[in-house]
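Student: Provided herewith is a single structure, encoded as structure tokens, for subsequent inquiry.
The values are calculated or read from the model by the stated rules, or taken from the named source; none is laboratory data. Computed from a predicted model, the values in this text were never measured in an experiment. Here the Cβ is made from the backbone with ideal geometry for all residues, glycine too, and neighbour counts use every protein chain on show. Ligands, DNA and RNA are stripped out before the accessible areas are found, and what is left, the full protein with its side chains, is counted by its heavy atoms. Shrake-Rupley method; radii C 1.70, N 1.55, O 1.52, S 1.80 Å.
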Amino acid sequence: MAFDLVFFGGTGDLVWRKLMPALFQAFCHDTLPEGGRIIGVGRDDLTDEQYRQQIQSRFEQVEGDKRPKPEEFARFASLLCYVRMDLSKPEAYAALASRLAERDTDHVVMYLSTAPSLFTTVCEQLAASGLNTPKTRIVLEKPLGHDLASNRSINTAVGKVFKEQQIFRIDHYLGKPAVQNLFAMRFGNALFEPLWRREHIANIQITMAEELGVEKRGGFYETTGALRDMVQNHALQLLCAIAMEPPINAHADAIRDEKLKVLRALKRWTPETLSQHVIRGQYSAGNVFGQSVPGYRDETGVSAQSSTETFVALRTEIANWRWAGVPFYIRTGKRMAAREAHIEINFRPTPHEIFKSPMGHANKLVIHLQPKDGLELHLFAQGQSKRGEGSGGATLSPVHLDLDFDKRFGSQRVGAYERLLLDVLDGRLNLFVRSDEQEEAWRWVEPILQHWKNDPTGPRPYTAGTWGPSASSAMIARDGFCWSEEI
């Protein structure tokens, strides 16, 4: 299957840090189709060989197990070439068209790893140059817009050039092995389905925490914030995977139809719920793993009076038959106490207690996304009774069953971007977001943005290295629950 994979923004951070290593792993796993060519597009004046050397030098900064040996990279480098382009100039696309015309391929993938403001321009110029053929596929990186109107504008412009089945809107969280196993666990096994409903589940928590700050991305983050960067896309996609009904089959549109139903069923915001159920925060100077770190407003590229949120916690519900009354909690933040992403399904207690259960503990299923990848099922068991203690006074102890996917599958594991890139090359849309999904997610998020715009109080401060502002704990405590680290 001959292909050309074109990276617009081919000298950028995402390409060398994520996309090229993912392609190299696929190359090493023999899953990258043969007959491929990878074309970097950028403004720098580079030859093919100089581009290969640049990618090789940056590979030295990649994690150790993904760093190629010289002989391995030499074989991979034969796939790489480069085209210099100023994406704003129509005549520059002729050089790309000429390069693509050098050989016949089954399909061409255009990966837009650029600022979203360039998406419309690039697509229009691809059409003007005759590069939007039926064999062309286009990949769009997030964020796709900064609000509902800009998202519609981008999708409308791209939709005039490419058909929906040619558009791959990427959300790398959907490529994570643990998310793949969430679908497999729900729809490939009969164990949990009878319990996967309001009668048995007390609450569901989604946590996506980072110990890092904004690093060198202060300028970008100032115009984005945690709500746009993490909640509107990653968190809501995870919520859909948890809450969706079983699709009629494994085809892309059947899956995406069910996710769309969840987004449409999310309870709409009211002035009261916006005030009580949405918490925003911003990290101040603190200590992370023994190192002093600056506050957000002291980061490079950040305004000293910034009101951009680096933390969001919220409560929502899904107004449908399966989930009515079950609270869903989402929180995400930077400079938190740990790098951790997980989904916690907390089950209701037994209807009649005949054993003494430990205070604060409950049956729960924890789906780990990072850095650990696996499932934990938390149960109660009776251990050795204390001397003189009869069965009537027995106390249960918490235990858990732990399935570590990294240990179980080892080298067979496929990274998120590797999976998604291979799916693009194969034309599989299952793990990509449809335009109506994105629009519905923005429609739900936009009232929060408007509320914050008119709220003079700004984000609540929290010390770097903690789990966010105390208001987050107070929000969940009002329902009688707590975050996992507070047990």
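Student: Given a Förster radius of 60 Å and the C-beta distance between residue 249 and residue 486 as r, what FRET efficiency does 1/(1 + (r/R0)^6) yield to the nearest 0.05?
Tutor: Working: r = 41 Å, r/R0 = 0.69.
Approximately 0.90, to the nearest 0.05.
Student: For residue 135, go through the lysines and keep the ones whose alpha-carbon is under 19 Å away, minus same-chain ones fewer than eight residues off.
Tutor: Here the lysines satisfying the reach criterion relative to residue 135 are 160, 163.
Student: How long is the gain from residue 88 to residue 322 if the chain were fully straight, where each residue apart is worth 0.36 nm and the alpha carbon distance is subtracted? Display every interim value, and only then the final one.
Tutor: On the way: separation 234, 0.36 × 234 = 84.24 nm, distance 4.94 nm.
Separation in residues times 0.36 nm, less the Cα-Cα distance, equals 79.3 nm.
Student: Additional query: Roughly speaking, what is the centre-to-centre gap between the range 455-487 and the range 55-131 when only Cα atoms are used, to the nearest Å?
Tutor: Computed from Cα coordinates, the inter-centre distance equals 43 Å.
Student: Using the Kirkwood formula over every pair of different C-alpha atoms, what hydrodynamic radius in Å results for the range 253-386?
Tutor: Details: mean 1/r = 0.0525 Å⁻¹.
Kirkwood radius, the range 253-386: 19.0 Å.
Student: Let me ask something additional. Which residues in the range 431-458 have a backbone N closer than 20 Å to a point placed 7 Å from the Cα of residue 264 along the Cα-to-Cβ line?
Tutor: 432-447
Student: Note down the accessible area of residue 13, probe 1.4 Å, to the nearest 10 Å².
Tutor: 80 Å²
Student: If you don't mind, another one. Let me see the pair-distance distribution of the range 1-157: every alpha carbon pair, 10 Å bin width, integer percents in order.
Tutor: 10, 40, 35, 14, 1
Student: Once both labels are modelled 7 Å past Cα along the beta-carbon direction, what's the residue 353-residue 135 spacing in nm?
Tutor: Simple spin-label model gives 6.7 nm for this pair.
Student: Of all beta bridges DSSP finds with both residues in the chain, what is the antiparallel percent, to the nearest 5? Each step should come with its number before you reach the end.
Tutor: Details: 43 of 80 bridges.
Counting DSSP beta bridges with both partners in the chain, the antiparallel share is about 55 percent.
Student: Continuing with the same structure: Find which of 140, 129, 109 sits farthest along the positive direction of the dipole of the range 1-146, computed with +1 on the beta-carbon of Lys and Arg, -1 on that of Asp and Glu, about the Cα centre.
Tutor: Toward the positive end, the furthest listed residue is 140.
Student: At 222 nm, what value in deg cm²/dmol follows for the chain if DSSP H runs of at least 4 each add -39500 (n - 2.57) and the sum is divided by all its residues, to the nearest 500?
Tutor: Details: 15 runs with 149 residues, N = 487.
Dividing the helical sum by the residues of the chain leaves -9000 deg cm²/dmol.
Student: With a/c under 1.5 counting as rounded, go ahead and sort the range 72-183 into rounded, prolate or oblate using the C-alpha gyration tensor (a ≥ b ≥ c being the square roots of the eigenvalues; past the cut-off, prolate if a/b is larger than b/c, else oblate). Each step should come with its number before you reach the end.
Tutor: Values: a/c = 1.78, a/b = 1.11, b/c = 1.61.
Note, shape of the range 72-183 comes out oblate.
Student: Let me ask something additional. Among DSSP beta bridges lying fully in the range 184-342, give the percent that are antiparallel, nearest 5.
Tutor: Numbers: 17 of 23 bridges.
If I count the DSSP bridges inside the range 184-342, around 75 percent turn out antiparallel.
Student: If you don't mind, there's one more thing I want to ask. Pop out the carbon and sulfur fraction of the accessible area of the chain as a percent, whole number, probe 1.4 Å.
Tutor: Values: 11200 of 22030 Å².
That share works out to 51 percent.
Student: In the neighborhood of residue 281, defined by Cβ-to-Cβ distances under 9 Å, what is the net charge if each Lys or Arg adds +1 and each Asp or Glu adds -1?
Tutor: Details: positive: 280, 460; negative: 309.
Charge balance in the 9 Å sphere: +1.
Student: Can you pull the accessible area of residue 220 for me, 1.4 Å probe, Å² to the nearest 10?
Tutor: 70 Å²
Student: Also, quick follow-up: Among rounded, prolate and oblate, which fits the range 148-291 when a ≥ b ≥ c are the square roots of the eigenvalues of its C-alpha gyration tensor, a/c under 1.5 means rounded, and a/b larger than b/c means prolate? Let's see the in-between values first.
Tutor: Details: a/c = 1.61, a/b = 1.20, b/c = 1.34.
Oblate, because a/c is 1.5 or more while a/b does not exceed b/c.
Student: Now for a different question. Which net charge results when you count Lys and Arg as +1 and Asp and Glu as -1 among the other residues whose beta-carbon is under 14 Å from that of residue 446? Each step should come with its number before you reach the end.
Tutor: On the way: positive: 152, 228, 268, 443, 453; negative: 147, 439, 440.
Local net charge: +2.
Student: To test your reading of the geometry: what angle, between 0 and 90 degrees and rounded to tens, separates the Cα axis of helix 148-161 from the longest principal axis of the chain?
Tutor: The angle comes out at about 40 degrees.
Student: Working with all protein chains in place, sort 277, 29 by solvent-accessible area computed with a 1.4 Å probe, largest first. Could you put the intermediate results ahead of the total?
Tutor: On the way: 277 40, 29 70 Å².
Per-residue accessible area, sorted high to low, gives 29, 277.
Student: Then there is this: Run the reach check for residue 407 against lysines, Cα to Cα strictly under 21 Å, same-chain hits fewer than 8 apart removed. What comes back?
Tutor: Straight-distance partners of residue 407: 66, 176, 372.
Student: So for the chain, Kirkwood radius off the Cα pairs, Stokes-Einstein at 25 °C and 0.890 mPa s: how many µm² s⁻¹?
Tutor: On the way: Rh = 24.4 Å.
It diffuses with D of about 100 µm²/s by this estimate.
Student: So what's the net charge close to residue 16: Lys and Arg +1, Asp and Glu -1, counting the other residues with Cβ under 11 Å from its Cβ?
Tutor: Values: positive: 17, 18, 58; negative: 13, 60.
Once positives and negatives cancel, what remains is +1.
Student: Projecting each Cα onto the charge dipole of the chain (Lys/Arg +1, Asp/Glu -1 at the beta carbon, about the Cα centre), which of 291, 200, 332 comes out farthest on the positive side?
Tutor: After comparing all options, I get 200.
Student: Something else: What is the magnitude of the charge dipole of the chain about its Cα centre, with +1 placed on the Cβ of each Lys and Arg, -1 on the Cβ of each Asp and Glu, and no other charges, expressed in debye to the nearest 20?
Tutor: On the way: 58 positive and 60 negative charges, 156 e Å.
Roughly 760 debye, rounded to the nearest 20.
Student: While we're on this one: Taking the Cα centre of the range 22-99 as origin and charging only Cβ (+1 Lys, Arg; -1 Asp, Glu), how large is the dipole, in debye to the nearest 20?
Tutor: With Lys and Arg at +1 and Asp and Glu at -1, about 120 debye.
Student: In straight Cα distance, which lysines are under 20 Å from residue 216, not counting same-chain residues fewer than 8 positions off?
Tutor: Output for residue 216: 18, 142, 334.
Student: While we're on this one: Could you work out, for the range 1-62, what percent of all Cα-Cα pairs fall into each 10 Å distance bin, beginning at 0 Å and stopping at the bin that holds the largest distance?
Tutor: Spelled out per bin, shortest first, that is 20, 55, 24, 1.
Student: Compute the distribution of all C-alpha to C-alpha distances in the range 178-239, in bins of 10 Å from 0, and list the percent of pairs in each, rounded to whole numbers.
Tutor: 16, 36, 27, 15, 6
Student: On full extension of the chain, what length is gained from residue 78 through residue 396, given 0.36 nm per residue of separation minus the C-alpha to C-alpha distance?
Tutor: Numbers: separation 318, 0.36 × 318 = 114.48 nm, distance 6.13 nm.
That works out to 108.4 nm of additional length.
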